[in-house]
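Here is the structure we will look at.
The values are calculated or read from the model by the stated rules, or taken from the named source; none is laboratory data. Predicted model, so just to flag it, every value in this text is computed and none were measured. No Cβ is skipped: glycine too gets one built from the backbone with ideal geometry, and neighbour counts run over all protein chains shown.
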């Protein structure tokens, strides 16, 4: 009986590891492990405080209401292809969707999305600058973000 219990326990542990999907948070965490960079986390209570006390336009308020939390990683070194192996594999197998890439001179912005559920999604924005000013921004959203509101803020 003990052997059956042990076998079931091992099977349970290994199958959850096999079926576990990687998230964009894992991509950022993997990058941080290999590169010691400056990281800033903006938790949801700070975003809510900004909404309550901040003086902002209605469009800005609507965008901030969608964000659950945000993580910003500022990098002095240029990004290497090997830094994003989890990301590239996730895009290839359909776990992540690259929704936009913008090249503006020497600057490049990539936006990758992961729809975790109907209630939660995450967006990774990778900004590569000309002068080694590179930034990773990870957003956790309540539901699917409305990109029209994001684009309207850039005008």
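For this structure, a couple of remarks:
- The lone exception for residue 22 - which of (1) modelled with pLDDT under 85; (2) under 30 Å from residue 147 (Cβ atoms); (3) assigned to a helix (DSSP H, G or I) it fails: (3)
- Scanning the range 25-67 for residues that are assigned to a helix (DSSP H, G or I), closer than 23 Å to residue 85 by Cα and either in contact with a helix residue (DSSP H, G or I) (Cβ under 8 Å, 6 or more places away or on another chain) or without any contact (Cβ under 8 Å) to a residue 24 or more places away in the chain (or both) turns up 26, 27, 29, 30, 31, 33, 34.
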